1. Run the reach check for Lys217 against lysines, Cα to Cα strictly under 25 Å, same-chain hits fewer than 8 apart removed. What comes back?
2. Through the Karplus equation 6.51 cos²θ - 1.76 cosθ + 1.60, θ set to phi - 60°, convert the phi angles of the stretch 66-81 into ³J(HN,Hα) values in whole Hz; use x for Gly and Pro.
3. Along the Cα→Cβ direction, 7 angstrom out, place labels at Gln141 and Asp99. What is the inter-label distance in nm?
4. Just subtract the alpha-carbon distance of Phe121 and Arg252 from 0.36 nm times their residue separation and send over the number in nm, one decimal.
5. What does the C-alpha gyration tensor say about the overall shape of the stretch 70-138? Classify as rounded when a/c is under 1.5, otherwise prolate if a/b is larger than b/c, or oblate.
6. Report the residues of the stretch 25-39 in range of a label on Ser153: point 7 Å along Cα→C-beta, backbone N strictly under 19 Å from it.
7. Quick one: if you stick a label point 7 Å off each Cα along the C-beta vector at Asp318 and Thr306, how many nm between them?
8. Please list, in chain and number order, the residues 5+ apart from Ser338 or on another chain whose amide H is under 5 Å from its amide H, with Hs placed from the backbone.
Amino acid sequence: MTLLVALGMPGIMSFWGNFALSVIASEVFDDHCMFHVETLEDIQNAWKNRTSENVIITSHYLDAGLSAFLLKTNAPYVVFSENAVDSVSYLARQLAREDIGLIRSVSASIACISQVRAHPFLINLDREKLGAVPIHRIIAQICRQLRISLTSSAMVRCLKQLGMDNVDSATQVDQIPTLEKSAQINPFYATPGANPTNVSENLLEIARSVVQPFDGKLIKDQVSSLTWPQESFLLADKGGEPSEGEIELVGRARCLVYGPYFHLPSGEWNAKFSLGIEHNVYGQIFTIEVHSDGLLSKIRVKPSGTGSFAAEAAFHIDSPKTPIEIRLFTDSGSIEGSIAYWSVELSPIDLSTPDSEHATDVALEHDQDAIATSKETVNYPE
């Protein structure tokens with residue numbers, strides 16, 4: 001029996017890679033079956049319904065339960081990754097839509113796939129590194145991972161299905177296409193690094209802040225930091241419209257903004273909330289809550305006067321597949337004032353460092369023009 005696990009961000013690399021796996025399996029095995037799964041229940045049902053002993057499991061969004069199960073197996077893993085902005089562009093073309101939900105989908109896939117980074121039998125095939133590589137070398141790498149071999153004639157048949165010109169020998173390497181040329185059979189093909197047509201620059205700019213920092217760090221390294229910009233949040237007063245421009249404070253105590261429903265890999269994280277106060281808010285206290293599977297963190301911030309303020313809170317992510325919602329409240333009504341800008345910077349907390357014991361402390365930072373004390377921030381960790 002052969003079991004292979006193939007994970008990938010939604011995009012050209014994953015589309016091509018899963019097709020390549022199926023082509024290889026058709027040459028090596030008498031029969032095989034492929035299942036796309038996301039949960040432990042999915043894989044249990046797939047196992048019951050399999051029609052072959054040779055099974056390929058694929059997933060973009062494996063949850064924590066499925067990840068924990070797969071990490072216990074000795075099955076070889078292949079991860080197909082690519083530039084995160086290209087992944088957003090792929091979804092925009094495939095689904096014929098442009099909205100922030102595309103970035104949420106890519107952030108979910110990144111967070112979910114990161115759960116298996118510790119698996120010992122894992123290789124990462126990255127489109128940006130392999131785009132100019134002839135596909136017979138990529139196929140050979142996949143076969144080594146599967147611990148199988150292809151005959152010369154089987155390799156030629158695989159190459160033909162993946163876009164090679166009609167030749168009779170695998171030694172004619174000049175006829176073997178690169179990954180990018182092979183991938184062009186996909187109608188949603190997009191050149192890596194290029195801004196695709198019909199995708200707004202505003203959407204791509206948000207993607208660059210939210211998901212592009214993970215490029216090249218999906219499996220081996222931790223991202224240093226990423227930003228969730230104000231435009232990715234929603235205005236509570238305006239029925240969930242994107243938060244753009246000043247955020248008015250005039251009115252009763254209420255939720256001002258919420259969202260953005262992005263995802264983060266599991267582990268300890270620090271959030272730095274930046275607020276710009278243009279008009280004196282006369283002692284207004286803001287409450288910031290972080291939610292996922294329940295309340296993760298809660299702080300209260302009291303800016304002193306006008307200027308730029310930043311409050312920090314630490315929290316733990318157990319379920320990367322669950323989106324994160326951040327809520328900004330006013331604690332009392334206001335007759336004037338506004339927030340000039342709002343954003344959140346996220347960075348992972350490395351608990352192996354000497355300073356990690358202090359990583360969950362909450363503090364109120366401020367620019368030189370601002371006046372604040374640590375007493376103005378209170379954290380209620382769960």
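1. Here the lysines satisfying the reach criterion relative to Lys217 are Lys72, Lys129, Lys272, Lys321.
2. Coupling constants for the stretch 66-81: 5, 4, 4, 5, 5, 5, 8, 8, 9, 5, x, 10, 10, 10, 9, 10 Hz.
3. The two pseudo-label positions are separated by 3.7 nm.
4. Working: separation 131, 0.36 × 131 = 47.16 nm, distance 5.61 nm.
Full extension from Phe121 to Arg252 adds 41.5 nm.
5. Values: a/c = 2.96, a/b = 1.35, b/c = 2.19.
Oblate, because a/c is 1.5 or more while a/b does not exceed b/c.
6. Correct set: 25-31.
7. Spacing of the two 7 Å Cα→Cβ label points: 4.5 nm.
8. Leu249, Glu278, His279
The values are calculated or read from the model by the stated rules, or taken from the named source; none is laboratory data. This is a predicted model, so every value here is computed, not measured. When we count neighbours, we look across all protein chains shown, and the Cβ atoms used for this are built from the backbone with ideal geometry, even at glycine. All accessible areas refer to the heavy atoms of the entire protein, side chains included, with ligands and DNA or RNA removed. Shrake-Rupley method; radii C 1.70, N 1.55, O 1.52, S 1.80 Å.
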